[in-house]
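One structure is given below, encoded as structure tokens.
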Amino acid sequence: MSRFGKPCTGTRFAQIDAVANPQNAARIRREFADWLARQFTLDATKASDVVLAVNEAMANAAEYAYVTAEQPGAMHVVADYDRNAATLTVTVTDEGAWRHANPATTELRRGRGIPLMKALTDSAVVDSSPAGTRVCLEWNGINAARARA
Amino acid sequence: MASQPAASKCTIEQQRIGEIDVLSVAGVVDMLTAPRLGEAITAAGKDSPRGVIVDLSAVDFLASAGMGILIAARDELPASVQFAVVADGPATSRPLKLVGVADIVGLHATLDAALAALTA
């Protein structure tokens, strides 16, 4: 069904060319949470914040990016850790155009993804162009786990 | 529902405490499972309870899809049915507060506190 990116090694997590659907968003969220727990020593709040923000970026891709397409296209999730700067950056990109299926009837239950991403991160930038959307999430002061095999 | 994968685990148990229907939710409330929670709240409201409490104490992941469902399902309940949410923790009460959903739905840290609020 979907093609998967390179296995996760070191301080990079990558899922390239996953079909942008809710099932893959849930699967990648779990894999990313596992990677996060292995790589970093985060308190429960920070770990929860990071996973939720990444989920919301993927949820937007899964829900909105390919609304007008016949079938969902790809989404890419890449997390990079800069040890010197202690910064974790996660980008979620798609090649669609975020369109709301039916804003009039669904406004009550929608629209919290972006405010949530902004509240959960040190920086959240959504970059939309006709070629797709790129969400860049960033956290500072992230410490790598000490023990290395 | 036949092709629904076991991607996100969510269980919803309903019990009646006095005149209040309590929905105890455990696991993950995301895009995949949130619609079931919405249906459960709507179904509980049809029992003519005095109130419906959604207890998220055993939820370990709550996405905005779940928050939207809480608000939408609450708004669809009959006016006579009160509503409250129980949550306490980084994965649940924290995001509910961050985007102001806590103020809309009536958030309590414990089931006892929610029951006390609805039966007062």
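Quick notes on this one:
- Here the spin labels are modelled as points 7 Å beyond Cα on the Cα-Cβ line, and at B:ASP60 and B:ALA116 they lie 3.0 nm apart.
- Residue mean of other protein chain beta carbons inside 10 Å, B:99-105: 2
- The distance from the alpha carbon centre of the range B:1-69 to that of the range A:51-65 is 21 Å, rounded to a whole number.
- Measuring spread by the Cα atoms of chain B yields a radius of gyration and Dmax of 13.2, 44 Å.
- Rg ratio for the range A:12-139: its Cα radius of gyration over 2.2 N^0.38 Å, N being its residue count, equals 1.03.
- Backbone phi angles across the range A:74-79, fed through the Karplus curve with coefficients 6.51, -1.76 and 1.60 (θ = phi - 60°), yield HN-Hα couplings of 8, 10, 10, 10, 10, 10 Hz in residue order; Gly and Pro are listed as x.
- Positive-end residue, the protein assembly as shown charge dipole about Cα centroid, Cβ charges, pick of B:GLY66, A:GLY73, A:ASN84: A:ASN84
- Legend: mean number of C-beta atoms from other chains within 10 angstrom of residue C-beta atoms, peptide A:25-31, equals 4.
- Note on the protein assembly as shown: Rg/Rh from C-alpha atoms, Kirkwood Rh, equals 0.99.
- Among A:GLU138, B:GLU19, the order by Cβ neighbours within 10 angstrom, fewest to most, reads B:GLU19, A:GLU138.
- For the protein assembly as shown, the dipole from Cβ point charges (+1 on Lys and Arg, -1 on Asp and Glu) about the Cα centre works out to 560 debye, to the nearest 20.
- Selection from A:THR11, B:SER8, A:ALA59, by position along the positive dipole direction of the protein assembly as shown (Cβ): A:THR11
FYI, it's all coordinate maths here, none of it is from the lab. Because the structure is predicted, anything quoted here is derived from the model rather than measured. Counting neighbours? That spans all protein chains shown, and the Cβs are built from the backbone with ideal geometry, glycine included.
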